[in-house]
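Everything on this sheet refers to the single structure shown next.
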Amino acid sequence: MPESAKKPFFDLDFDSLSSEIAEAGLPKFRAKQVWEAVYEKKIFDFAKMSSLPAALRERLKQRYAISAAEPVGGKISADETGKRLFELSGGGFVECVILEAPDDESGGIRKTLCVSTQLGCAQGCKFCASTARGFKRNLSSPEIVSQLLPFAEGGRFAFENIVVMGMGEPLANFDNVMKALHIINARFGFGAQRITLSTCGIADKISELASSGFPYRLAVSLHGATNEARDKIMPVNRRFPLEKLIPAVRELAKASGRMVTLEYILIDKINDSFKDADELAKIALSLRAHVNLIPYNTVEGLPWRRPSPQRRKAFFNALKGKNVSCTLRREKGSDIEAACGQLALVTERAKSAENGGEFRP
Ligand code: SAH
């Protein structure tokens with residue numbers, strides 16, 4: 001059976017797996033063994049589950065695919081360990097990147113995996129590489145979870161944190177994303193405080209999360225502290241302007257008891273004035289949120305630029321001067337971040353050039 005015709009293993013809950021085992025005429029404890037092999041030992045190949053009888057391994061292999069997204073070597077990532085490219089069934093690529101940042105607590109390096117939720121994106125943020133691709137489709141929850149798999153080594157994941165911050169708007173693929181996070185949290189045992197969902201600000205879904213109990217961390221891609229600035233770069237602001245977004249975020253922060261992060265890309269002459277810093281400080285203080293300043297990464301074909309280092313520092317100092325909890329991402333970190341959302345775009349271009357075709361956004 002071709003891989004794509006098999007059922008995704010991550011769609012199976014423990015009861016369905018147990019029924020599958022019973023159907024094969026095998027004792028119950030075999031279901032527990034399979035479950036533990038995947039979720040505890042992190043063995044993602046049935047053939048390698050040596051504690052199982054060969055016939056069961058073969059039966060599972062015939063019927064189920066553990067990974068629902070095919071990792072490809074990729075020309076772009078061949079010499080880098082921190083990036084993986086996945087080809088999806090039906091065509092299209094998503095990238096997955098490990099971001100490294102110094103860990104203030106341990107003094108070591110903290111690794112964060114950046115996961116994608118959609119193929120393309122429909123939000124149309126004017127500065128973002130994913131926009132150029134348009135929206136193709138939502139990723140299924142097995143496709144989202146599968147992005148973790150190549151990063152498992154010796155029974156553990158080679159990262160400490162997950163950010164749902166790759167391609168796509170997670171709250172526009174609400175059910176699949178929530179299911180995927182639940183699998184990662186409840187089955188793989190990945191702590192909720194180590195998972196961050198990043199949204200461009202779909203306020204009604206943020207309110208829904210606040211009332212349904214959202215155990216994870218929330219980051220909001222604010223990027224503008226006034227409707228005027230936000231309207232210029234983020235079409236979502238017309239549907240959910242700041243007077244809708246900020247109360248929803250406040251509600252969620254209160255309900256979850258976790259500090260929200262406001263992501264703020266610094267774009268030259270668009271959102272980097274002292275007046276912008278003032279407005280941002282007001283919002284951050286009122287939400288008791290942390291502000292993460294990110295120098296804009298240039299995207300080929302888009303007119304935006306990052307401000308000079310002096311201007312970035314001045315913006316940061318203006319926030320600090322108002323006692324806002326704030327970080328300014330260093331050059332290196334932001335360069336790594338460039339891979340977030342951009343790798344798949346480059347691959348698609350390369351592939352279409354290979355086919356003699358033109359890249360059409
Ligand atoms: N849709 C979600 C998650 C995907 S975008 C969201 O908006 O949060 C992930 C992050 O990368 C967002 O904060 C996004 O605004 C930011 N980003 C997009 N393009 C960028 C660029 N060219 N330079 C720096 N950050 C960018």
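The values are calculated or read from the model by the stated rules, or taken from the named source; none is laboratory data. All figures in this text were calculated on a predicted structure; none of them were measured in a lab. As a convention, Cβ positions derive from the backbone with ideal geometry for all residues, glycine included, and neighbour counts pool all protein chains shown. Heads up: the accessible areas ignore ligands, DNA and RNA and are worked out on the full protein's heavy atoms, side chains in. Shrake-Rupley method; radii C 1.70, N 1.55, O 1.52, S 1.80 Å.
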### Lone unmet requirement of (1) outside any strand (DSSP E or B); (2) under 27 Å from Val115 (Cβ atoms) for Ile265
(1)
### Query
When the range 72-109 is examined, which residues are found to be at pLDDT 85 or above and open to solvent by 30 Å² or more (accessible area, probe 1.4 Å)?
Glu87, Ser89, Gly90, Gly91
### For Leu293: the one exception among (1) modelled with pLDDT under 90; (2) outside any loop (DSSP other than H, G, I, E, B); (3) aliphatic (A, V, I, L, M); (4) within 12 Å of the ligand (Cβ to nearest atom)
(1)
### Query
Inside the range 124-136, can you point out the residues that are more than 10 Å from the ligand (Cβ to nearest atom) and either in contact (Cβ under 8 Å) with a residue 40 or more places away in the chain or among the acidic types (Asp, Glu) (or both)?
Gly124, Ala132, Arg133, Gly134, Lys136
### Task
Could you give me the residue pairs with C-beta distances under 7 Å whose first residue belongs to the range 198-210 and is free of Cβ contacts under 8 Å to residues at least 40 places away in the same chain, whose second residue is open to solvent by 10 Å² or more (accessible area, probe 1.4 Å) and assigned to a loop (DSSP other than H, G, I, E, B) wherever it lies, and which are 6+ apart or on separate chains?
Ile202/Phe240
### Query
Can you tell me which residues in the range 241-262 are open to solvent by 30 Å² or more (accessible area, probe 1.4 Å) and assigned to a helix (DSSP H, G or I)?
Glu243, Lys244, Pro247, Arg250, Glu251, Lys254, Ala255, Ser256
### Summary
Over the range 112-123, the set of residues near the ligand (Cβ under 10 Å from one of its atoms) and among the hydroxyl-bearing types (Ser, Thr, Tyr) is Ser116, Thr117
### Message
Being modelled with pLDDT of 95 or more and over 25 Å from Val38 (Cα atoms) narrows it down to one residue among Lys179, Lys205, Lys136, Lys126; which is it?
### Response
Lys205
